[in-house]
1. To the nearest 0.05, how large is the calculated FRET efficiency for HIS9 and GLU235 if R₀ is 45 Å and r is the Cβ-Cβ distance?
2. Setting aside same-chain residues fewer than 8 positions from LYS54, which lysines have a Cα under 21 Å from its Cα?
3. Which of the lysines could a cross-linker span from LYS167 if the Cα-Cα distance has to be under 19 Å and same-chain partners fewer than 8 positions apart are dropped?
4. Report the label-to-label distance for MET55 and GLU73 in nanometres (one decimal), using points 7 Å from each Cα along the Cα→Cβ vector.
5. Can you say what percent of the DSSP beta bridges in the range 157-260, counting only those with both residues inside, are antiparallel? Round to 5.
6. Keeping all protein chains in the complex and leaving out DNA, RNA and ligands, what accessible area do you get for LYS194 with a 1.4 Å probe, in Å² to the nearest 10?
7. Starting from one equal scatterer on each C-alpha and no solvent at all, send me the Debye-based log10 I(q)/I(0) for the chain at q = 0.14 Å⁻¹, two decimals.
8. So which residue, out of ALA212, ALA185, ALA36, gets the largest mean-square fluctuation from a GNM of the chain using Cα contacts under 10 Å as springs?
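The values are calculated or read from the model by the stated rules, or taken from the named source; none is laboratory data. Just so it is clear, the structure is predicted and the values come from calculations on it, not from any experiment. No Cβ is skipped: glycine too gets one built from the backbone with ideal geometry, and neighbour counts run over all protein chains shown. Protein only, heavy atoms only, side chains kept; ligands, DNA and RNA dropped before computing areas. Shrake-Rupley method; radii C 1.70, N 1.55, O 1.52, S 1.80 Å.
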Amino acid sequence: MKAVYFTEHGGPEVLKFGELPEPTPGEGEVKIKVKACALNRLDVYTRAGVRGTKMNLAEPHVLGADVSGEVVEIGPKVTRVSAGDRIVVNPRITCMQCRYCQSNQTEYCGSAGMIGSAIRGGYAEYVVVPATNAFPIPDALTHVQAASLPTVFMPSWNILIRRSQLKPWETALVPSASSGVGTAAIQVAKNIAKSTVISTTSTVEKAENATALGSDHVINYKSEDVSERLKEITEGRGVDVVIDHVGTDVWNAANRRLAKGARYGICGVTSGYKAELQMGAMFTGHLTMFGVFMGRSEDLEQIIYHAGQGTIKGVVDSEYPLQDVRKAHEDMEGLDFFGKLVITVD
């Protein structure tokens, strides 16, 4: 089969387009004909071998977590899906045996991994995944749209809806509106929770796009003081919920502007890992701060439903054929895009 793989860590130049053996599904697994696969920041980190992603690379590795396609073969004991089903893949693989998995707290599974990291991913014509990770999609949802959903909408849903229970009368802060998580979180906060949304971005064009997605207020962090603008917009009350996928930069700006009882969810640290925590403010402000990594299958099922209804949608900036994965990685590192970059496979 045709695939894009790498045999050593490095820049986009280590990605090779060539032939690899076609995978065969084992017990409890399904083989998928890949139609689309969205890029994520984790792909870039894993390719480079940074931020704890270094691999021994004893054999070629295939990236790509957010996969959609068609089931073409099922392994023994698979009853969840059938050949011919149109599906999207939950990228988070869990053991389904530990006490967390057994109590429907799969995000806490200690042996969890990501498709495209723990096992070969979707930069290929075919991929094999656990059948429990394959979710049927409605006819109204294209494969490109489906692939653009999981890794950005699952943590957004987890933080804003399930964990924070964001209310219509509350205000949510969504930093980096042009990122995949940013575009997802704006829609979840506005279209599902019906809340007021404040987002941040770096250009006038991106601000206009964020407004079109549902942001009520957009702060240009290149030309405005984010903390002061948050104070102004909320009339000194502060924001109720923050979905922080950026890290240090947002933490320093937002923590001075949290409302009483605010919930601060963290799902990424692209701008840095470290920040100072004012513990006194936590108990006097009744603040809740927590981290999430992806979400649960039930989150993805609700996301698929709402995407099929048109309530939310994956924002796709660009599509690339499989042989142009290297260019897609270069564009992702360049940061000059709004939404998701998606690989399409014929």
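1. Plugging the Cβ-Cβ distance into 1/(1 + (r/R0)^6) gives 0.35.
2. Output for LYS54: LYS16.
3. Partners found: LYS190, LYS194, LYS260.
4. 2.1 nm
5. In the range 157-260, approximately 0 percent of DSSP beta bridges are antiparallel ones.
6. Ignoring ligands and nucleic acids, LYS194 comes out at about 120 Å².
7. Values, matching the q order: -1.12.
8. ALA212
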